[in-house]
Amino acid sequence: MMFGPIDNGDIDSRMAQLFALVSEALAGATHALLSGNAEIGLAVVEGDQSVDDLTAEVELLVWKQIEDKSTTGTMLRHLVGVLLILPELERSGDLAEHIAQRAVTRLGAEMSPLSRGIVQRMAEVALEMWRDAADAYGDRAAQAEALSEADEEIDILHERLTKEIAAESMPTAIGAQVTLLARFYERLGDHAVNLARRIEMLQRPS
């Protein structure tokens with residue numbers, strides 16, 4: 001793949017697109033899960049390749065810029081920060097894909113009403129965290145503390161969901177899959193916090 005002259009704007013525009021793709025995948029996967037729409041779930045699963053492809057494209061752009069001997073100081077720091085952020089985005093896209101895979105098997109219809117409600121709330125918090133992380137990257141604004149507080153809510157919801165599963169309100173096989181779902185959302189929250197911390201590092205003086 002060949003690229004012309006590159007600047008941080010080229011990279012940042014693609015990073016914004018990556019944040020959007022992951023957020024859309026998370027929203028779509030959750031909607032598919034809770035609505036029982038296997039078609040939407042399948043679209044999210046297939047769409048994960050776009051996240052992988054764009055991640056690889058951004059990484060190539062970054063390394064090309066780093067190899068430019070004129071890239072120093074603040075710009076170099078920014079590029080290294082992007083390389084640290086990219087794996088968090090790619091892994092989060094994978095987690096959204098895992099949720100969508102459960103939607104394809106119509107897991108949502110087998111879940112207890114309480115577990116569905118908890119998962120919906122976990123998804124709402126995770127999505128808000130992802131929007132905040134995306135805004136933080138665009139604005140270079142500190143968000144780690146606020147996202148850590150939101151992540152605590154996801155952890156609490158995870159505990160509630162674990163208790164619901166332990167109460168044997170669902171068949172064992174379904175409960176096992178819901179346990180995985182809870183872990184997926186919890187990890188999405190963790191990744192959002194990690195992103196915010198890495199974004200804050202971009203603001204610190206060299």
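The values are calculated or read from the model by the stated rules, or taken from the named source; none is laboratory data. Since the model is a prediction, treat every value here as computed from it, not as a measurement. We place every Cβ from the backbone using ideal geometry, glycine too, and count neighbours over all the protein chains shown. With ligands, DNA and RNA removed, areas are computed over all heavy atoms of the protein, side chains included. Shrake-Rupley method; radii C 1.70, N 1.55, O 1.52, S 1.80 Å.
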Restricting to the range 168-206, and then to whatever is hydroxyl-bearing (Ser, Thr, Tyr) and either crowded, with 17+ Cβ neighbours inside 10 Å or in contact (Cβ under 8 Å) with a residue 40 or more places away in the chain (or both), can you tell me which residue is farthest from GLY108 (Cα to Cα)? SER206
Unique match (being open to solvent by less than 70 Å² (accessible area, probe 1.4 Å) and more than 17 Å from the chain's Cα centre (by Cα)) among ILE154, ILE165: ILE165
For the range 91-105, does any single residue satisfy the condition of being open to solvent by 40 Å² or more (accessible area, probe 1.4 Å) and either among the hydroxyl-bearing types (Ser, Thr, Tyr) or more than 20 Å from the chain's Cα centre (by Cα) (or both)? yes
Tell me yes or no: at least one residue of the range 152-171 is within 30 Å of LEU79 (Cα to Cα), among the hydrophobic types (A, V, I, L, M, F, W, C) and not in a helix (DSSP H, G or I). no
Within the bounds of the range 76-86, is there any residue that is assigned to a helix (DSSP H, G or I), open to solvent by less than 10 Å² (accessible area, probe 1.4 Å) and either closer than 23 Å to GLU186 by Cβ or free of Cβ contacts under 8 Å to residues at least 24 places away in the same chain (or both)? yes
Considering GLY36, GLY28, GLY108, which residue is touching a residue at least 60 places away in the same chain (Cβ under 8 Å) and at positive phi? GLY36
Residue list for the range 137-151, filter: buried (at least 16 other Cβ atoms within 10 Å of the Cβ) and acidic (Asp, Glu): ASP151
Picking from ALA20, ALA16, ALA29, the residue that is at pLDDT 95 or above, within 21 Å of the chain's Cα centre (by Cα) and either of a type in the set (D, E, K, R) or part of a helix (DSSP H, G or I) (or both) would be ALA29
Test GLU128 against the criterion of being open to solvent by 70 Å² or more (accessible area, probe 1.4 Å), free of Cβ contacts under 8 Å to residues at least 60 places away in the same chain and either of a type in the set (A, V, I, L, M, F, W, C) or in contact with a helix residue (DSSP H, G or I) (Cβ under 8 Å, 6 or more places away or on another chain) (or both), and give yes or no. yes
